[in-house]
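Asker: Pasting a structure here, questions to come.
The values are calculated or read from the model by the stated rules, or taken from the named source; none is laboratory data. Owing to the predicted nature of the structure, the values given are computational and were not obtained by experimental measurement. Cβ placement follows ideal geometry from the backbone for every residue including glycine, while neighbour counts extend to all protein chains displayed.
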Amino acid sequence: MAEVVLARVGKVYPDGTRAVGDLNLNIADGEFLVLVGPSGCGKTTALRMVAGLEEISEGTVSVGGKVVNRVPSRDRDVAMVFQSYALYPHLSVRQNIGFGLTLRKLPKAEIRKRVDEAAQTLGLEEYLDRRPRNLSGGQRQRVAMGRAIVREPQAFLMDEPLSNLDAKLRVQMRAEIARIQRDLGVTTIYVTHDQTEAMTLGHRVAVMKKGELQQVAPPQELYDRPANLFVAGFIGSPAMNLLRGELSGAEDDLRLNVGGQELRVGAGVLEQRPALREYIGRSVAVGVRPEDMEDASLAEATDGSRFTSTAELVESMGSDVMVHFTIEAGAVVTEDTKELARDAGSDVLGELETPHTVVVARFSPRTEVKVGDAVEVSVDTTRLHFFDLDTSAAIWDLPSEPAEEPAAETPAETPAETPEAAPEDETAAPTGDETGDEAGDEAKEEDK
Ligand SMILES: Nc1ncnc2c1ncn2[C@@H]1O[C@H](COP(=O)(O)OP(=O)(O)O)[C@@H](O)[C@H]1O
Ligand SMILES: [Mg+2]
């Protein structure tokens with residue numbers, strides 16, 4: 001087992017496609033890190049560079065402290081589990097699991113021992129003599145995991161290993177993968193486009209967009225303190241509602257106008273988000289999670305903490321009721337929200353440029369709201385999120401240093417350039433600098 005470090009890793013394919021840029025990740029020994037993002041954001045490419053299946057265009061990948069850029073895949077001591085687990089149909093489960101070890105000419109007794117142990121971990125003991133075609137989808141996926149486990153690698157690399165399974169089995173296998181990883185304690189990088197999978201599996205989750213890391217943090221932190229609009233909208237289901245609003249008032253009486261409805265920003269918000277005071281008198285992007293709203297007739301809603309609208313769609317989930325209503329506020333249109341819309345498959349321009357926004361609230365099942373009813377929605381205004389409309393960045397802290405100040409005192413704030421300079425969590429937070437650098441580089445290219 002070993003730590004895996006990606007330092008300023010980039011990938012440009014021969015046709016000029018930039019799939020990954022300036023990717024910095026420190027995956028600790030025994031950690032389960034999930035790489036998540038929309039299809040095409042570079043997850044597979046990043047994983048294949050770690051596996052040695054794709055040439056690394058820029059930066060370095062280290063496993064157990066050794067740079068492996070030039071080490072061929074089979075000598076990297078990492079095991080990859082793919083989405084399509086291609087088992088050999090004519091071999092038994094035992095032979096399939098042990099196949100790689102047989103190729104490596106390990107002693108028969110050693111292979112038998114390792115396969116037996118893996119079968120036990122995976123609950124496959126009874127099936128060792130079966131052929132793959134006589135197994136369920138979940139069992140086949142377990143066999144594929146078994147092939148990786150018996151290699152006793154330094155790290156597991158998994159690329160959407162559950163995406164061929166039906167929903168129920170996926171949930172079950174998800175729990176198993178978590179358990180197996182915990183039992184074996186093997187450093188794991190797991191790729192998925194499914195944010196639920198990412199949140200439930202990862203010790204930390206790294207969110208990517210268009211080849212660039214947006215934020216890496218433990219799941220709850222990602223949810224509670226998204227660094228930008230993309231992470232805010234990508235993590236959480238149903239997604240965070242995003243609306244344009246105007247901040248007014250004073251520090252001790254902060255008001256938010258959203259589509260003509262006025263909210264009083266909850267006490268404590270400015271303490272959590274000191275930089276918000278710079279936005280008084282300006283437009284901001286406001287985020288409201290569905291669970292931070294409730295049927296006002298079931299909750300205490302004081303003045304300045306409610307939306308009034310009409311229920312357009314009421315979806316009962318049993319445990320909750322999703323109520324959709326419209327607010328006459330402009331949609332938040334930034335590069336981030338366009339990317340989210342693209343990922344959700346909606347018609348980007350058509351749907352975003354409207355002066356009203358559909359909001360989804362998660363009500364208690366005790367609500368009696370029906371489609372077409374007027375609704376009063378109470379909003380927990382202490383849990384509102386705020387983002388800059390120009391940069392998409394979440395509004396949290398005031399800049400710690402004036403911009404002109406030399407960076408002498410704060411080297412830890414720049415992204416990790418070397419593995420040593422990277423105390424896990426802080427450096428992992430995005431700085432927003434990457435995009436600027438990129439744009440600068442491109443501009444330079446064009447000058448030539
Ligand atoms: N062999 C290749 N040649 C050129 N472009 C590629 C190649 N493989 C992937 N890409 C492109 O690189 C980007 C990232 O792809 P990929 O890593 O597969 O994303 P993900 O796994 O997140 O869906 C996409 O734009 C994809 O079209
Ligand atoms: Mg992929």
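Asker: In the range 55-76, how many residues are in a loop (DSSP other than H, G, I, E, B), in contact with a strand residue (DSSP E or B) (Cβ under 7 Å, 6 or more places away or on another chain) and touching a residue at least 24 places away in the same chain (Cβ under 8 Å)?
Answerer: Total meeting the criteria: 3.
Asker: Restricting the range 183-214 to residues that are more than 16 Å from ligand 1 (Cβ to nearest atom) and assigned to a strand (DSSP E or B), which is farthest from A118 (Cα to Cα)?
Answerer: Checking each candidate, the answer is R204.
Asker: Could you check the range 244-280 and list, in sequence order, the residues that are without any contact (Cβ under 8 Å) to a residue 60 or more places away in the chain and part of a loop (DSSP other than H, G, I, E, B)?
Answerer: Of everything in the range 244-280, those that are without any contact (Cβ under 8 Å) to a residue 60 or more places away in the chain and part of a loop (DSSP other than H, G, I, E, B) turn out to be E251, D252, I280.
A quick yes/no check of all residues on (1) closer than 20 Å to V207 by Cα; (2) away from ligand 1 (no atom under 13 Å from the Cβ):
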residue: L23; (1), (2): yes, no
residue: L33; (1), (2): yes, yes
residue: S39; (1), (2): yes, no
residue: K43; (1), (2): yes, no
residue: S62; (1), (2): no, yes
residue: V68; (1), (2): no, yes
residue: R74; (1), (2): no, yes
residue: A79; (1), (2): no, yes
residue: S84; (1), (2): no, yes
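Asker: Which residue pairs have Cβ atoms under 6 Å apart, sit 6 or more places apart or on different chains, and have a first residue in the range 286-304 that is on the phi > 0 side of the Ramachandran plot and a second that is charged (D, E, K, R)?
Answerer: Going by the 6 Å Cβ cut-off, the qualifying pairs are G304/R264.
Asker: Going by what's in this entry, would A267 be described as of a type in the set (A, V, I, L, M) and modelled with pLDDT under 95?
Answerer: yes
Asker: Looking at L47, L87 in this structure, which one is part of a loop (DSSP other than H, G, I, E, B) and either within 16 Å of ligand 2 (Cβ to nearest atom) or touching a Lys or Arg at 6+ places or on another chain (Cβ under 8 Å) (or both)?
Answerer: On the way: L47 fails: part of a loop (DSSP other than H, G, I, E, B).
L87 is the lone residue from the list that is part of a loop (DSSP other than H, G, I, E, B) and either within 16 Å of ligand 2 (Cβ to nearest atom) or touching a Lys or Arg at 6+ places or on another chain (Cβ under 8 Å) (or both).
Asker: If a residue has to be outside any strand (DSSP E or B) and either of a type in the set (D, E, K, R) or surrounded by 16 or more Cβ atoms within 10 Å (Cβ to Cβ) (or both) to count, how many in the range 281-297 make the cut?
Answerer: The qualifying residues number 6.
Asker: Against the conditions (1) surrounded by 21 or more Cβ atoms within 10 Å (Cβ to Cβ); (2) under 26 Å from F82 (Cβ atoms); (3) more than 16 Å from ligand 2 (Cβ to nearest atom), where does F230 fall short? Just the number, please.
Answerer: (2)
Asker: Considering only residues that are closer than 22 Å to V360 by Cβ, of a type outside the set (A, V, I, L, M, F, W, C) and surrounded by 15 or more Cβ atoms within 10 Å (Cβ to Cβ), which ones fall in the range 239-280?
Answerer: Of everything in the range 239-280, those that are closer than 22 Å to V360 by Cβ, of a type outside the set (A, V, I, L, M, F, W, C) and surrounded by 15 or more Cβ atoms within 10 Å (Cβ to Cβ) turn out to be N241, R244, G245, N257, G259, Q261, E262, G266.
Asker: For the range 33-43, check the following and say yes or no: at least one residue is part of a helix (DSSP H, G or I), within 16 Å of ligand 2 (Cβ to nearest atom), within 29 Å of the chain's Cα centre (by Cα) and modelled with pLDDT of 95 or more.
Answerer: Taking the range 33-43 and keeping what is part of a helix (DSSP H, G or I), we get 43.
From the residues that got through so far, the ones that are within 16 Å of ligand 2 (Cβ to nearest atom) too are 43.
Filter once more, keeping what is within 29 Å of the chain's Cα centre (by Cα): 43.
Within this subset, residues satisfying the condition of being modelled with pLDDT of 95 or more are 43.
Within the range 33-43, one or more residues are part of a helix (DSSP H, G or I), within 16 Å of ligand 2 (Cβ to nearest atom), within 29 Å of the chain's Cα centre (by Cα) and modelled with pLDDT of 95 or more.
Asker: Would a scan of the range 45-56 turn up a residue that is out of contact with any Gly (no Cβ under 6 Å at 6 or more places or on another chain), within 8 Å of ligand 1 (Cβ to nearest atom) and polar (S, T, N, Q)?
Answerer: yes
Asker: Given the structure, is V115 over 24 Å from L47 (Cα atoms), assigned by TED's automatic domain parsing to the domain that holds G52 and surrounded by 21 or more Cβ atoms within 10 Å (Cβ to Cβ)?
Answerer: Spelling it out, V115 is indeed over 24 Å from L47 (Cα atoms), assigned by TED's automatic domain parsing to the domain that holds G52 and surrounded by 21 or more Cβ atoms within 10 Å (Cβ to Cβ).
Asker: What number of residues within the range 152-182 are more than 16 Å from ligand 1 (Cβ to nearest atom) and part of a strand (DSSP E or B)?
Answerer: 2
Asker: Restricting attention to the range 68-77, does a residue exist that is more than 22 Å from M199 (Cβ to Cβ), surrounded by 16 or more Cβ atoms within 10 Å (Cβ to Cβ) and within 16 Å of ligand 2 (Cβ to nearest atom)?
Answerer: no
Asker: Among the numbered criteria (1) surrounded by fewer than 22 Cβ atoms within 10 Å (Cβ to Cβ); (2) in a helix (DSSP H, G or I); (3) touching a residue at least 40 places away in the same chain (Cβ under 8 Å); (4) among the aliphatic types (A, V, I, L, M), which single criterion is violated by I97?
Answerer: (1)
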